[in-house]
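Below: the structure, in structure tokens.
The values are calculated or read from the model by the stated rules, or taken from the named source; none is laboratory data. The structure presented is a predicted model; accordingly, all values stated were derived computationally and were not measured. All Cβ positions, even for glycine, are placed from backbone atoms using ideal geometry, and neighbour counts span all protein chains on display. The accessibility values were calculated without ligands, DNA or RNA, using every heavy atom of the protein model including side chains. Shrake-Rupley method; radii C 1.70, N 1.55, O 1.52, S 1.80 Å.
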Amino acid sequence: MSLPRVVSVPPYDPSCKSGPATLLSVEANDCVKVKFIVSGGRVCVVPLSRLRAKDREAVLEWRSRQVMGQPKGEPKAEPKAEPKGEPEREPEPEWEPLEPELSTWHRLLSYGALCKRGHTISCSGMRALWGLVLPHRAGSWLDKQSSLPLDKLLSHFVDVWWRYCCACSHADEDKLNLRQRIFVLELMCVRLQRKKSRHTCVFGALLMQVVVLFCHDQSICYIGADLDNVGYNHRVDCAKIGPVVRASALCRHESTSECVSFSLSKVRNPKKPIVWLLQRPSMKFRRLRKYKLFSKFADGEGGYTRMEPGTNRIMHWNEELEDHVYAEDFHTTLDGVEFKRCGDQLRPGDTWLESGSREWLVLSIEPDGSCSHPPHVVCLKGAEGQKRSMRCPFDRMFAVGTTKYCEDAVRFLRGAPDVVDTLCLSTGHPLDQMRTSRSRVKMSEVPCDEAPILCSWKEYLLWRCAVSITVSLMDKQCQRVAMPYAKRARLAWLFGKD
């Protein structure tokens, strides 16, 4: 078998050449030396993984014959199967929580090591990406969630994020070829690399939003609260982290989305606990002393509402003016499940969504004692007919909802990029929190090892965005040292040196 004379290099990166090329020689380290036919110019060395699959297999087979010492025209004695498509995945390693002071660059290298082994979209890959783009308080909560289907949730996130990237570039996702998809990704990476980029905040908030949709009711408390003892001071605010979204964006979709209608119905109901935050021009949220909203707007049905009919404005207390004033817009939460207290809110017939995936039907709730707030015994029935009983404290919170409802909420976000564009973290931009909690990487620790990329589009999308976000979270001096590696990350995984 002879070496092919002409090979094809599919488009993979806008900054690199592609197209038909003359194959000159096979180099070491899985590279080939080619000269492009159309653009001409100098001889280029490209990774073997960038060749078309058919040409790559031909080169690998020719090289195996050379190693075995057989003549070119003689058939092989033993056929050797070469890998097609993605490389064989290694077993997923056990996750080890990241140290709070670990630098952002070292977190990226840890994530790159997982990606190189084929675990980009996995439970470990989700935890590594979460620890890279979100503060430690969010990471410590996720480390305690051992039974969430994180690989499935990460796949949901990629679908929503890619649709948002296409909307930001005014592109139709269904009509993009590979080269056009790469251009759209490059445009988003440029935005992500800017200091204090709004898109970086959207990336982290959306990642967190997709997870909490399946397991947490943020209108009751933030993710770090003890679900057996939830108090008023546990609500999401500018000191307690949580993803929030503009109410005006939700109002545009109230008539078409069930989850949006449910979230806004809680906002309007004066008796329901909710989250409402007012944002400053600096994108930070105001710290308000009096959280109670003015709720004397007549709703036309003999009741009262928090949002003024017709304008959807709210009225709150202003300490400077010492009077109630209007707010044209505010941020609130989008929830997929509803927390119900075991002692007085949970009812037979409710569906408890355990760990975001398992549904249990509540059969009965019986008090186990004669005090004012006794524990309760809850009898449950699973989807496959199995039964179980639990003895729970009076204040224990149950996440009531269904997987279908939560998936519908994710589907809504996928089709509403205008809502995703208003997502942000209640505590502000991640850079403000990471500046003091994470250590600064030393210049001598920036150099790292590289490995050629051979992966799916979803994995490549996550990796490129993670690299761009890491660059934006570094100071200028570290950026100058890390930028050459960040540019090479277009075609290579970055991971720490052994």
| task | Could you list all residues from the stretch 424-440 that are open to solvent by less than 10 Å² (accessible area, probe 1.4 Å) and either of a type in the set (Lys, Arg) or in contact with a helix residue (DSSP H, G or I) (Cβ under 6 Å, 6 or more places away or on another chain) (or both)? | result | Leu425, Pro430
| request: For Asp335, work out the one condition from (1) surrounded by 15 or more Cβ atoms within 10 Å (Cβ to Cβ); (2) modelled with pLDDT under 90; (3) out of contact with any strand residue (DSSP E or B) (no Cβ under 9 Å at 6 or more places or on another chain); (4) not polar (S, T, N, Q) it doesn't fulfil. | output: (2)
| The lone exception for Leu213 - which of (1) hydrophobic (A, V, I, L, M, F, W, C); (2) surrounded by 14 or more Cβ atoms within 10 Å (Cβ to Cβ); (3) within 27 Å of Pro281 (Cβ to Cβ) it fails | (3)
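For (1) of a type in the set (A, V, I, L, M, F, W, C); (2) out of contact with any Gly (no Cβ under 8 Å at 6 or more places or on another chain); (3) not in a loop (DSSP other than H, G, I, E, B), each residue gets a yes or a no:
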site	(1), (2), (3)
Leu264	yes, yes, yes
Lys272	no, yes, no
Val275	yes, no, no
Arg287	no, yes, no
Gly310	no, yes, no
Trp317	yes, yes, yes
Val325	yes, yes, yes
Asp335	no, yes, no
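Which strands (runs of 3 or more DSSP E) does the stretch 391-498 wholly contain that include 1 or more residues that are within 18 Å of Gln193 (Cα to Cα)? Talk me through it step by step, then tell me what you get.
Details: elements: 397-400, 449-452, 492-495.
Once the strands (runs of 3 or more DSSP E) in the stretch 391-498 are filtered for at least 1 residues that are within 18 Å of Gln193 (Cα to Cα), what remains is 492-495.
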| task | Within the stretch 345-390, track down each residue that is in a loop (DSSP other than H, G, I, E, B), in contact (Cβ under 8 Å) with a residue 24 or more places away in the chain and either open to solvent by 50 Å² or more (accessible area, probe 1.4 Å) or of a type in the set (Phe, Trp, Tyr) (or both). | result | Ser357, His373, Ala383
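Filter the stretch 378-414 down to residues that are modelled with pLDDT under 90 and among the charged types (D, E, K, R), then give me how many there are.
1
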| Of all residues in the stretch 267-290, how many are surrounded by 12 or more Cβ atoms within 10 Å (Cβ to Cβ) and without any contact (Cβ under 8 Å) to a residue 40 or more places away in the chain? | 4
| Could we say that Leu114 is surrounded by 15 or more Cβ atoms within 10 Å (Cβ to Cβ) and within 20 Å of the chain's Cα centre (by Cα) here? | yes
| said: Cβ-Cβ under 6 Å, sequence separation 6+ or interchain: first residue in the stretch 22-42 and among the aromatic types (Phe, Trp, Tyr), partner assigned to a loop (DSSP other than H, G, I, E, B). Which pairs? | reply: Phe36/Lys17
| request: Looking at (1) modelled with pLDDT of 90 or more; (2) closer than 26 Å to Lys240 by Cβ; (3) touching a Lys or Arg at 6+ places or on another chain (Cβ under 8 Å); (4) open to solvent by 10 Å² or more (accessible area, probe 1.4 Å), find the lone condition where Thr470 falls short. | output: (4)
| query | For Trp95, are the conditions met, namely being open to solvent by less than 40 Å² (accessible area, probe 1.4 Å), at pLDDT 80 or above and of a type outside the set (Gly, Ala, Ser)? | reply | no
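Give the residue, chosen from Leu187, Leu227, that is under 26 Å from Gly242 (Cβ atoms), open to solvent by 20 Å² or more (accessible area, probe 1.4 Å), of a type outside the set (S, T, N, Q) and touching a residue at least 12 places away in the same chain (Cβ under 8 Å).
Leu227
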